[in-house]
1. Using 0.36 nm per residue of separation minus the Cα-Cα distance, give me the extension gain between residue B:449 and residue B:47 in nm, one decimal.
2. Scan chain A and note any complete DSSP helix (H) whose C-alpha atoms cover at least 18 Å along its axis and whose Kyte-Doolittle average is -0.5 or more.
3. Tally the DSSP beta bridges in the protein assembly as shown and give the antiparallel ones as a percent, rounded to 5.
4. Which distances, in nm and shortest first, link the residue B:323 label point to the same label point in every other copy, taking 7 Å along Cα→Cβ?
5. Work out the length of the dipole vector of the protein assembly as shown about its Cα centre, built from +1 on the beta-carbon of each Lys and Arg and -1 on the beta-carbon of each Asp and Glu, and round it to the nearest 20 debye.
6. Which of rounded, prolate, oblate describes the range A:389-495, given a ≥ b ≥ c as roots of the alpha-carbon gyration tensor eigenvalues and a/c under 1.5 marking rounded, otherwise prolate only if a/b is larger than b/c?
7. What number, in percent, do you get for the relative contact order of the range B:2-144 if the mean sequence gap of Cα pairs under 8 Å and at least 6 apart is divided by its residue count?
8. Looking at A:85, A:36, A:15, which one has the Cα that reaches farthest to the positive end of the dipole of the range A:2-142 (charges on Cβ: Lys, Arg +1; Asp, Glu -1)?
2 protein chains.
Amino acid sequence: MVELLAEVTALRQSGGLLFWDQQTYMPKAGARARGNHLAVLSKVAHEKFTAPEIGRLLERLRDWEETLPYDSDEASTVRVARREYEKATRLPPDLVVRHSRARTRAHEAWIEARQKNDYKVFRPALGEMVDIMREVADALGYEDHPLDALLDQQEPGMKTADMEGLFGELRQGLVPLVKAIAEKADAVDDSFLHQPFDRETQMEVCREAAAAVGFDLETRGRIDLSVHPFTIGFSRNDVRFTVRIDEGFFNAGFFASLHEAGHGTYMQGLPERFEQSILHEGASSGLHESQSRLWENIVGRSRAFWQFYYPRLQKRFPEQLGKVSREDFYRAVNKVEPSFIRVEADEVTYNLHIMVRFELEKAVFDRELGLDDLPGAWNEKFRNYLGITPPDDLRGCIQDIHWTFGFGGGFAGYTIGNVASVQLYEKALEEHPGLEEEFAQGEFSNLLRWMNENVHAHGAKFGPQELLERVTGRPLDAGPYLAYIKRKFSDIYGL
Amino acid sequence: MVELLAEVTALRQSGGLLFWDQQTYMPKAGARARGNHLAVLSKVAHEKFTAPEIGRLLERLRDWEETLPYDSDEASTVRVARREYEKATRLPPDLVVRHSRARTRAHEAWIEARQKNDYKVFRPALGEMVDIMREVADALGYEDHPLDALLDQQEPGMKTADMEGLFGELRQGLVPLVKAIAEKADAVDDSFLHQPFDRETQMEVCREAAAAVGFDLETRGRIDLSVHPFTIGFSRNDVRFTVRIDEGFFNAGFFASLHEAGHGTYMQGLPERFEQSILHEGASSGLHESQSRLWENIVGRSRAFWQFYYPRLQKRFPEQLGKVSREDFYRAVNKVEPSFIRVEADEVTYNLHIMVRFELEKAVFDRELGLDDLPGAWNEKFRNYLGITPPDDLRGCIQDIHWTFGFGGGFAGYTIGNVASVQLYEKALEEHPGLEEEFAQGEFSNLLRWMNENVHAHGAKFGPQELLERVTGRPLDAGPYLAYIKRKFSDIYGL
């Protein structure tokens with residue numbers, strides 16, 4: 001079975017390279033053939049993975065599996081393979097094809113809706129997508145709520161009820177904080193971040209910072225440019241990420257680089273022995289995001305980090321930053337400002353963007369909200385949580401590409417990642433109380449090693465809740481995250 | 001069937017991208033996983049292509065095929081698919097595996113032999129390879145000579161006897177010419193080509209020249225750097241080649257670029273409607289080489305080309321070439337000098353390098369030559385044909401990588417390409433007598449269009465002999481090639 005799964009993994013990772021190339025170096029006209037190639041690779045991988053032979057092998061291995069420790073490589077391989085096999089085989093081929101066609105149509109409609117800045121253009125395709133996702137949820141099966149089935153595809157074992165509890169706590173903690181900060185909006189000036197920053201130098205800085213925090217650029221990774229930053233690995237020894245450089249704004253490139261480097265360290269940290277195995281993955285989207293947010297925000301937006309890196313950055317950009325103090329710079333990269341676009345949101349407001357989407361998805365699934373009323377409901381939630389009203393659909397409910405892929409559970413990982421990043425970091429801090437002094441010296445290896453040993457080392461063995469319980473003793477918990485946010489931003493804004 | 005073949009094509013082209021990336025941008029440590037991925041893609045493509053379903057379909061299509069014109073797309077697809085299917089299914093899986101292992105061992109031994117500059121280190125692995133290639137030839141089947149079976153894999157329909165006739169004529173024509181030129185060796189000075197030429201500027205010149213002759217770099221192609229130049233296409237709309245820049249020698253980068261651009265125009269010139277078809281290939285290695293040699297030598301080393309391009313080149317390299325006359329430059333890039341290394345050989349001596357290899361392969365297959373005596377036989381042939389004796393194995397019989405892949409027929413395409421390039425060019429010249437005046441104006445589109453319409457348009461429909469007969473009215477013919485070489489070099493060397 002290991003061999004059969006290795007073939008599936010190889011086909012998927014090959015598809016990954018085709019995707020990477022599509023986003024980076026592919027000549028424009030190559031797009032159509034590339035689309036065909038990707039479709040064939042994913043079809044063949046699916047065929048191989050859902051072959052009856054795999055099902056029979058999984059059945060036959062059941063007794064053996066039960067004699068093995070739950071967390072052993074062997075038992076975990078069988079368990080994860082069975083979970084994925086069941087998901088893959090529960091979807092009737094006809095539904096898979098209809099889903100794939102609906103994606104294509106939704107993508108086209110979404111592009112047009114964005115051009116026309118009009119949700120109504122997207123509405124019919126979105127309706128079709130919602131219907132299909134209901135069917136998908138039914139086919140996959142669930143105990144409590146159809147969204148559970150969809151959420152489980154991204155975050156194995158996570159329930160809709162877990163997410164609701166989490167968002168409830170976040171709402172209580174964050175909405176008042178955002179209001180309090182809004183009243184002191186002028187306390188932080190970040191205008192100097194909006195100046196011309198030379199593209200080449202920015203790219204060098206991105207490389208330097210990614211390498212400094214421990215992303216191996218020498219022999220096991222690379223950084224390139226693309227329109228949307230992403231990280232992808234074809235093995236732990238070939239991990240690549242991309243950034244987008246904005247010549248008029250420092251944050252866009254730099255923090256994307258630390259963010260993607262975080263994903264990259266997860267992939268590079270997977271155990272060598274998993275290389276061709278189904279365990280050669282992170283635990284979930286959310287856990288992956290915990291690593292990117294850790295390095296982007298907890299480390300990359302900390303005073304300690306800039307104690308180390310600011311003098312270096314000033315040398316690269318003497319004209320722009322020569323006269324800006326380190327403290328002012330630290331405050332600027334942490335400026336909080338309610339805004340319409342998720343991908344531009346700061347650390348405090350980001351989860352509110354996710355909450356809006358999650359609540360709307362659930363209301364649609366519960367048939368409490370009709371799709372015609374989606375933009376209105378979106379805008380109302382923005383008013384309530386962020387105190388601002390999106391002026392149009394482009395800055396409202398058609399900003400994300402996610403609903404062209406599916407509908408339901410696709411955003412949860414972002415918030416899980418933010419919350420888990422603090423929970424994991426505080427555990428690491430318990431064991432290494434000197435971490436921040438180390439950051440100030442440009443020393444990040446103790447934190448990285450801790451993540452290697454406690455998170456990356458398990459690959460895809462455990463779901464996110466399982467992993468967090470094993471590592472921190474508790475399931476996902478908003479407490480540490482809220483405490484961290486309040487502490488940090490009360491200090492910055494003098495609340 | 002078209003759909004099944006499209007899957008095979010997609011898997012192969014995907015493997016192509018993995019190879020391209022391996023040679024250009026892959027982080028070093030990614031090599032092992034990449035090897036696995038390539039092996040899986042080629043295994044799965046082979047499985048799909050040799051599936052009994054394909055065999056049954058080919059049987060069922062036989063009657064239909066016979067009602068169709070031979071050169072129709074449909075009949076050609078079935079014919080080419082059947083030919084390839086039969087080849088693929090005639091090889092027992094066990095032999096395929098042993099061949100693949102022998103390649104790995106041969107590659108390792110070859111690397112070590114090169115490090116030690118000692119053929120004896122390579123000898124055992126080469127012996128194993130020769131035995132396996134005999135088995136391969138027997139499995140594939142042949143009428144006259146086992147080499148026919150191997151040659152047919154590269155050059156469908158070409159026979160060993162054809163090659164012997166061809167080399168016989170070339171030997172008669174070229175050996176005396178090489179001697180005559182050697183006596184006037186000092187008539188051409190190319191020392192100014194061996195100076196420092198800035199890497200970036202060379203790369204710009206490579207791009208400019210490739211684009212000038214009609215390789216589409218804008219939306220359908222790209223050029224990158226790699227250790228060994230090569231061209232690869234993932235569809236007619238995504239064709240890429242690489243060059244290697246030598247900062248101390250102008251020719252290495254520039255003529256590699258024109259050479260690879262020639263391969264590139266063939267791939268970009270394949271008909272759109274073949275895109276996912278088995279016909280989306282050139283006619284043979286040799287015909288492919290005819291296009292690269294056409295642009296590298298017949299065009300790129302012509303007076304007319306430099307009439308157009310030399311002023312531009314001088315502007316790029318004023319220090320190096322400002323005082324060199326166009327005529328001296330033309331003579332320099334055409335300097336003839338018997339040398340040991342095939343890939344550095346000039347237009348006149350190149351085919352003699354190929355002839356040595358072909359004759360030795362045949363002698364080994366005929367058991368007239370034992371492998372222990374190979375280096376001696378190699379050196380003797382060099383003395384006879386080129387008047388020089390290789391001082392060691394590295395500059396002798398272990399210089400090429402080809403014998404680590406197989407043994408027999410692997411070099412023929414180079415000479416077929418040289419000879420066919422002139423045969424095709426003269427036909428084009430008949431129809432467009434003003435071609436050279438056009439080159440002098442930087443105008444290459446009539447020649448390119450002629451090749452598009454007469455060569456590229458057929459894809460893999462015809463074998464090389466078939467195609468040449470259709471286009472020029474004759475099979476491969478050394479006559480035009482020898483006349484061209486004698487005319488050109490008698491002029492340059494005043495013979």
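Only the coordinates and a few stated rules stand behind these numbers; no lab work does. Because the structure is a prediction, the values reported are computed rather than measured. Cβ: placed from backbone, ideal geometry, glycine included. Neighbour counts: every protein chain shown.
1. Numbers: separation 402, 0.36 × 402 = 144.72 nm, distance 3.81 nm.
Fully extending the segment from residue B:449 to residue B:47 adds 140.9 nm.
2. Details: long enough: A:2-24 (32 Å, 0.19); A:31-49 (27 Å, -0.28); A:73-90 (25 Å, -1.42); A:93-116 (34 Å, -1.12); A:119-140 (30 Å, 0.30); A:160-182 (31 Å, 0.53); A:199-212 (20 Å, -0.56); A:250-268 (27 Å, -0.07); A:303-316 (19 Å, -1.31); A:350-365 (23 Å, 0.40); A:412-431 (29 Å, -0.02); A:478-493 (22 Å, -0.21).
Going by DSSP H runs, the hits are A:2-24, A:31-49, A:119-140, A:160-182, A:250-268, A:350-365, A:412-431, A:478-493.
3. Values: 8 of 18 bridges.
Looking only at bridges with both residues in the protein assembly as shown, the antiparallel portion is about 45 percent.
4. 5.3
5. Numbers: 120 positive and 158 negative charges, 153 e Å.
Dipole of the protein assembly as shown, to the nearest 20 debye: 740 debye.
6. On the way: a/c = 2.20, a/b = 1.38, b/c = 1.60.
Since a/c reaches 1.5 but b/c is at least a/b, the shape of the range A:389-495 is classed as oblate.
7. Working: 77 pairs, mean separation 26.9, N = 143.
Relative CO of the range B:2-144 lands at 19 percent.
8. So the residue we want is A:36.
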